[in-house]
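Here's the structure, in structure tokens; my notes come after.
The values are calculated or read from the model by the stated rules, or taken from the named source; none is laboratory data. These numbers come from a predicted model, not from an experiment. Counting neighbours? That spans all protein chains shown, and the Cβs are built from the backbone with ideal geometry, glycine included.
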């Protein structure tokens, strides 16, 4: 008689809030630097430290390192659709779908989403470093915060990846910690398998 066993591996998913490291570019946004300053991530009825986004404006945020997760937007005022684009490079973030290989094949990285007054909403799940938000012509928006929600599993380190190229290590090693194959794959799900050899 054969015996069958099922192996169940349970991991805890962790979400971390990552504030933008810098504003890569913006147009028509006043007080954009306010998005870089950590603050309570809750919308109140009297928010005074908001970025003011006129109709037809845009902002590109750089989170400093590539990560896997979504984008959380805390909107004080303004009702309407906005366009959100995530990218692993600045060029990908600004590209139209179908241009220079930009696509939604692996995960949605280019979408139009609705924001309403006093909202705190999270969008998408992708590998990215940059986020571009385009505000439509018409109604202005007052945005309290735009943060990345970095999601990862609580896994033990099983190995190391380091490169002789300091540029690669600076870009891909999280805060000086070595990558693991498992950690890297779960941090950057879209294309990670191509970066790390077996």
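Here is a check on your reading of the model: is residue 39 surrounded by fewer than 21 Cβ atoms within 10 Å (Cβ to Cβ) and either free of Cβ contacts under 8 Å to residues at least 24 places away in the same chain or more than 28 Å from residue 167 (Cα to Cα) (or both)? It is true that residue 39 is surrounded by fewer than 21 Cβ atoms within 10 Å (Cβ to Cβ) and either free of Cβ contacts under 8 Å to residues at least 24 places away in the same chain or more than 28 Å from residue 167 (Cα to Cα) (or both). You will find that of 41, 71, 86, the residue that is assigned to a loop (DSSP other than H, G, I, E, B) and under 24 Å from residue 153 (Cβ atoms) is 41 and no other. Taking (1) buried (at least 17 other Cβ atoms within 10 Å of the Cβ); (2) touching a helix residue (DSSP H, G or I) at 6+ places or on another chain (Cβ under 7 Å); (3) within 15 Å of residue 130 (Cβ to Cβ); (4) at pLDDT 90 or above in turn, residue 23 satisfies each apart from (1).
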